[in-house]
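The values are calculated or read from the model by the stated rules, or taken from the named source; none is laboratory data. Keep in mind it's a predicted model, so treat the numbers as computed, not measured. Neighbour counts run over all protein chains shown; Cβ positions are idealised from the backbone, glycine included.
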Ligand SMILES: C[S@@+](CC[C@H](N)C(=O)[O-])C[C@H]1O[C@@H](n2cnc3c(N)ncnc32)[C@H](O)[C@@H]1O
């Protein structure tokens, strides 16, 4: 069901998870605040640093489109890997009208075309370009799949990981210590994980998985959100190293 949020950007309600895909206080505002800015991606692209992002829960592609738009504005390359077990249809994406939020609206039609061509088989991967600067790889698979995680470990590490599954009460597999340990190993030494979820059990799991957690004020409707970096990146180098 299409829902207009307070900043006029649209989202959907998921019958399966009984939650909206984004905050009803502002889908686009939340996405930009928590993921584009909170992950350090905005600053990296502004400084013209090519950036690699991994997203857990690609959903409606809003985070991806905002980042691709930013990369396009900055003429800086972005490699975006999304994992989603239940991709939306191209028709639903067109109805969301995310092109209206972008400086380069055709990025949304590029994404609709990639989704239109998606193989329906779970476990498949589709690659495509969003404009000139964003290379998208979309894995239609469960993010906790050991086969997929093993494949990702063979690639370069990510500068940012967006943890954007539904909340832990309805979508627990994406917030376990075991899963956080897996994605920790995919983050570049100076990379950042970003998420809207500041639940105590999630923060404790992040710390146990080797992250330092930084809470900061959230967008309208959310007191706090967080970003996390690798504790090992802050470790002083000993004389023997
Ligand atoms: C909050 S929505 C993501 C919104 C999205 N990031 C965006 O920018 O539009 C959560 C998404 O995670 C997906 N999801 C939940 N559990 C998953 C899992 N185990 N593996 C892959 N995707 C999952 C859901 O299908 C849903 O699309």
The correct count of residues that are touching a strand residue (DSSP E or B) at 6+ places or on another chain (Cβ under 8 Å) and either in contact (Cβ under 8 Å) with a residue 60 or more places away in the chain or within 21 Å of residue 187 (Cβ to Cβ) (or both) in region 1-20 is 6
Answer yes or no: is there a residue in region 106-122 that is within 14 Å of the ligand (Cβ to nearest atom), out of contact with any helix residue (DSSP H, G or I) (no Cβ under 9 Å at 6 or more places or on another chain) and at pLDDT 95 or above.
-> no
Could you tell me which of the residues 168, 172 is closer than 25 Å to residue 32 by Cβ and free of Cβ contacts under 8 Å to residues at least 60 places away in the same chain?
-> 168
What strands (runs of 3 or more DSSP E) lie completely within region 1-91 and have 1 or more residues being over 22 Å from residue 171 (Cβ atoms) and more than 13 Å from the ligand (Cβ to nearest atom)?
-> 2-4, 51-56, 78-83
Across region 129-184, what is the total count of residues that are outside any helix (DSSP H, G or I) and under 28 Å from residue 75 (Cα atoms)?
-> 22
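Those residues that are within 13 Å of the ligand (Cβ to nearest atom) and closer than 25 Å to residue 121 by Cβ, I need them from region 92-105; list them, please.
Correct list: 92, 93, 96.
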Residue ID - farthest from residue 45 (Cα to Cα), chosen from residues in region 153-179 that are more than 9 Å from the ligand (Cβ to nearest atom) and crowded, with 22+ Cβ neighbours inside 10 Å = 175
Qualifying positions in region 13-54 - farther than 18 Å from residue 160 by Cβ and crowded, with 20+ Cβ neighbours inside 10 Å | 21, 22, 23, 26, 27, 28
Within region 185-200, restricting attention to residues that are within 16 Å of the ligand (Cβ to nearest atom) and without any contact (Cβ under 8 Å) to a residue 60 or more places away in the chain, which residue is nearest to residue 79 (Cα to Cα)?
-> 197
